[in-house]
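J.: My questions all concern the structure below.
The values are calculated or read from the model by the stated rules, or taken from the named source; none is laboratory data. The structure displayed is predicted, hence computed values, not measured ones. We place every Cβ from the backbone using ideal geometry, glycine too, and count neighbours over all the protein chains shown.
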Amino acid sequence: MTRKIESMMNPSASGAATAVDRRSVVLFALTVFVSAYLLFQVQPLISKFILPWFGGSPSVWTAAMLFFQCVLFGGYVYAHLVSHYASPRVQSWLHIALLVGAALLAFFVIPGESLKPSGAEDPIGRILLLLGVSVGLPYFCLATTGPLIQYWYTQVFPGRSAYRLYALSNLGSFLALLSFPYLFEPNFELTRMGHFWTVGFWVFAALCATVTVWMHRLSHRRPIHLAPAPAAPEVSVEPIALRRRMSWVALPALASLAFIATTDHVSHNVAPEPRLWIAALGLYLLTFIVSFDHPRWYRRAWVAAAVLITTVLLSGRKEIPDWFGLELDFGVAGMRWSHLIVMFLACFMAHGELYRRRPANPRHLTEFYLWMSFGGACGGLFVALVATNFFADYYEWSLFLLAAIGLGCVVLAQEAAAAGRRLTGVLSAAFLLLGGAVLYWEDPLHWRSAADDEYTETLTHQSRNFYGTVSVAERRYRDDPTKDYRVFFSGQVTHGVQFLDPAKRRQPTTYYSEGSGVGETLRYAMEKKPSLRVAIIGLGAGTLATYARDTDDYDLYEINPQVVEVATRWFDNVPQCRARTKQIILGDARLKMAELPADVRYDVIALDAFSGGSVPIHLLTKEAFDIYRRHLKPDGFIAAHITNAYLNLYPVVKRQAEHLNIGFRNKYQPGLPERRIRHNQYFVMTNDAEYLRRYPSVNRQYFDPNGKLIGTQDPNLPGVPLWTDHFSSLNSIEIDD
């Protein structure tokens with residue numbers, strides 16, 4: 001093993017290298033490898049742990065990546081300053097002190113209950129504070145290791161390249177990401193994984209301290225070549241141009257933007273699942289590994305052309321096939337991997353170009369990593385702070401696609417110039433043409449969807465925050481004003497419709513009609529009892545509030561303050577609700593319900609948070625349903641709205657009903673477009689035998705064009721495990737047709 005590592009780090013080393021030489025190389029390699037492994041395993045670990053604390057929002061990962069990238073940049077600043085302005089003796093003592101402090105704090109990597117948010121705080125600020133308290137110093141210490149150890153390596157082994165050591169660190173990071181979902185997550189709880197990580201950090205600290213002490217001892221002696229060094233090439237000592245330094249920032253910033261924008265874009269359309277985060281981050285790291293291992297892997301023209309082709313195909317995936325008479329249906333897996341492929345190629349191009357601009361002189365090594373990490377942090381800062389606060393929609397996705405097309409055209413122009421051809425004008429025109437096509441297909445400002453043959457649509461409100469985007473539109477029909485309505489969108493998914501005609505204004509529409517599972521449940525409970533206490537988790541347009549009587553009490557849970565504003569300003573379901581008492585409880589429903597006194601019991605708990613593109617998984621786990629059951633009356637109902645275009649949630653909630661030992665039914669209702677009723681599916685849990693007898697399960701039925709029944713769908717899927725806070729997977733419930 002030692003021979004393999006030493007050979008990898010120094011391919012030209014002769015067989016006469018001593019055992020001391022090999023041990024030295026192994027020590028450097030293991031220290032960098034272990035630090036990189038820990039650096040990237042803690043990211044999904046702590047992000048998944050705090051995900052339920054912030055409503056299961058995909059922006060938890062975005063905010064966490066902002067923290068990790070900024071701390072990584074801080075670690076690189078430390079490495080650069082220490083290596084250039086501190087003596088070897090000061091370097092050693094300072095780093096040992098840092099290691100000791102970080103090792104003591106590594107025990108607190110899993111945040112305590114005292115750090116849970118109350119719901120009133122700024123989510124991004126709270127996440128940054130929480131991560132800083134729990135893992136800040138240990139992560140900073142790990143972040144310093146890569147550039148500092150590589151710099152020390154160039155001092156001990158003059159003439160050798162440290163970039164393979166950087167590729168080795170990225171390999172460690174890549175293996176950490178693979179091991180989390182496939183080795184650790186299925187077999188260990190998050191708290192146990194946190195203990196493993198702490199032990200791993202102590203192992204790293206021992207390795208790094210050994211290297212540091214060894215460097216301290218060498219600093220008192222003449223520098224020693226521990227292994228035969230190849231002849232050092234001629235290295236320019238000229239100052240590096242500003243333009244080159246700017247590329248050290250711009251290229252990793254583009255790659256970081258590609259990674260975060262892609263993860264955000266897919267998460268908001270499916271679910272904020274750690275496995276998706278890991279897949280995206282793993283591919284992002286893989287481009288580092290391949291690019292920095294050897295220049296032979298990055299073929300500029302081929303990669304740039306692939307970026308242009310795949311970007312255009314992804315943007316026009318719904319319209320390009322029509323040109324050729326094809327029908328392509330992107331399921332969950334297809335959508336996910338098509339986006340990840342585009343991200344991978346764009347990152348590969350950016351990191352390949354970055355490697356081509358690397359400094360040859362080791363004197364600039366830590367500065368190179370410093371600017372590179374700053375560029376990566378810029379991508380996270382742009383999405384988490386600028387885009388979230390100043391964009392009304394996810395425009396950063398379109399910006400990334402345009403930037404990738406622009407860089408691809410520049411690379412092709414440079415390759416053409418190197419071959420003696422001047423194609424700058426042609427490629428500039430190609431950028432305008434391809435960029436315009438992407439903007440047309442992506443339609444970020446919704447120009448193309450503003451009108452229809454039957455109605456005109458006016459966007460009356462649009463906003464964005466940590467939890468996503470919300471918008472309100474009015475559709476007014478040319479032939480019949482009684483059909484006019486107002487619609488509420490969360491992202492691209494309809495979350496409520498209300499007619500503008502006063503005579504139809506109180507009609508429950510979309511997924512909440514009286515024939516839906518929740519409508520039947522509420523009507524039955526109202527027949528049975530003169531007054532009800534109802535909890536609605538997920539406010540939407542407040543349509544379910546139209547069922548309330550003046551003897552009922554309604555608690556409406558909503559985590560997104562912008563949804564509350566929409567429901568109370570643009571719709572009047574909640575303001576005109578007839579309930580005796582009604583209150584909107586702002587914050588994560590699970591956390592807020594867990595804080596309720598034990599004597600607070602509901603007749604009906606309606607779970608209406610799963611129809612959108614981003615499913616809050618933490619509301620579907622065993623721990624969540626234990627809370628619901630604790631606050632449910634013995635004869636009460638849990639009505640889960642499980643309509644979803646991408647995921648079959650039936651087996652998930654069925655397993656929860658079996659865990660609670662409670663009866664259940666499934667109700668599928670087909671759509672009625674003329675009444676603005678969409679097809680919907682509810683899973684109702686109750687021990688009320690009369691209800692279960694009166695309302696048996698109704699599964700989806702399929703008919704041929706002549707109206708003849710073809711078959712009935714069985715929504716159950718075998719082998720879906722009980723979801724818990726520690727393990728849940730979307731792979732087995734994805735809908736791909």
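J.: Among Leu354, Leu370, which is in the same structural domain as Val266 (by TED's automatic domain parsing) and among the aliphatic types (A, V, I, L, M)?
T.: That would be Leu354, the only listed residue that is in the same structural domain as Val266 (by TED's automatic domain parsing) and among the aliphatic types (A, V, I, L, M).
J.: Answer yes or no: is there a residue in region 664-672 that is more than 25 Å from Ala609 (Cβ to Cβ), free of Cβ contacts under 8 Å to residues at least 60 places away in the same chain and among the hydroxyl-bearing types (Ser, Thr, Tyr).
T.: Taking every residue of region 664-672 in turn, none turns out to be more than 25 Å from Ala609 (Cβ to Cβ), free of Cβ contacts under 8 Å to residues at least 60 places away in the same chain and among the hydroxyl-bearing types (Ser, Thr, Tyr).
J.: If you don't mind, there's one more thing I want to ask. Condition test on Glu113, is it within 22 Å of Val386 (Cβ to Cβ), out of contact with any Lys or Arg (no Cβ under 6 Å at 6 or more places or on another chain) and surrounded by fewer than 19 Cβ atoms within 10 Å (Cβ to Cβ)?
T.: no
J.: Pull up region 388-411, narrow it to residues that are part of a helix (DSSP H, G or I) and modelled with pLDDT under 85, then point me to the one that is surrounded by the fewest Cβ atoms within 10 Å (Cβ to Cβ).
T.: Across region 388-411, the extreme among qualifying residues is Asn389.
J.: For Val60, indicate whether it is part of a helix (DSSP H, G or I), surrounded by fewer than 21 Cβ atoms within 10 Å (Cβ to Cβ) and of a type in the set (A, V, I, L, M).
T.: no
J.: In addition: Quick one: is Phe49 of a type in the set (Phe, Trp, Tyr), closer than 14 Å to Ser134 by Cβ and either at pLDDT 85 or above or assigned by TED's automatic domain parsing to the domain that holds His268 (or both)?
T.: Answer is yes for this residue.
J.: Return yes when Pro111 is touching a strand residue (DSSP E or B) at 6+ places or on another chain (Cβ under 9 Å) and within 20 Å of Ile50 (Cβ to Cβ) and no when it is not.
T.: It is false that Pro111 is touching a strand residue (DSSP E or B) at 6+ places or on another chain (Cβ under 9 Å) and within 20 Å of Ile50 (Cβ to Cβ).
J.: Scan the helices (runs of 4 or more DSSP H) fully inside region 208-316 and keep the ones with 3 or more residues being among the polar types (S, T, N, Q) and at pLDDT 80 or above.
T.: Answer list for region 208-316: 242-269, 300-315.
J.: Same structure, new question: What are the residues in region 419-443 that are touching a helix residue (DSSP H, G or I) at 6+ places or on another chain (Cβ under 8 Å) and in a helix (DSSP H, G or I), if any?
T.: Thr424, Leu427, Ser428, Ala430, Phe431, Leu434, Gly435, Ala437, Val438, Leu439, Trp441, Glu442
J.: Any residue in region 393-410 that is over 15 Å from Val426 (Cα atoms) sitting within a Cβ distance under 8 Å of a residue that is among the aromatic types (Phe, Trp, Tyr) and surrounded by fewer than 21 Cβ atoms within 10 Å (Cβ to Cβ)? List the pairs, counting only those 6 or more apart or interchain.
T.: Close Cβ pairs satisfying both conditions: Glu396/Phe382.
J.: Suppose we keep only residues that are of a type in the set (D, E, K, R) and either surrounded by 23 or more Cβ atoms within 10 Å (Cβ to Cβ) or not in a helix (DSSP H, G or I) (or both) within region 159-194. Which one would you say is farthest from the chain's Cα centre (by Cα)?
T.: Ranking the qualifying residues of region 159-194, first place goes to Arg160.
J.: Against the definition (part of a helix (DSSP H, G or I) and not assigned by TED's automatic domain parsing to the domain that holds Leu354), how does Ala416 come out, yes or no?
T.: no
J.: Looking only at region 694-729, how many residues end up being at pLDDT below 75 and not β-branched (Val, Ile, Thr)?
T.: Total meeting the criteria: 8.
J.: For the subset of region 125-158 comprising residues that are buried (at least 22 other Cβ atoms within 10 Å of the Cβ) and within 16 Å of Asp588 (Cβ to Cβ), which member is farthest from the chain's Cα centre (by Cα)?
T.: Filtering region 125-158 for residues that are buried (at least 22 other Cβ atoms within 10 Å of the Cβ) and within 16 Å of Asp588 (Cβ to Cβ), the one farthest from the chain's Cα centre (by Cα) comes out as Leu130.
J.: With the checklist (1) buried (at least 19 other Cβ atoms within 10 Å of the Cβ); (2) assigned to a helix (DSSP H, G or I); (3) at pLDDT below 85 in hand, flag the one item Pro321 doesn't pass.
T.: Here Pro321 clears every test but (1).
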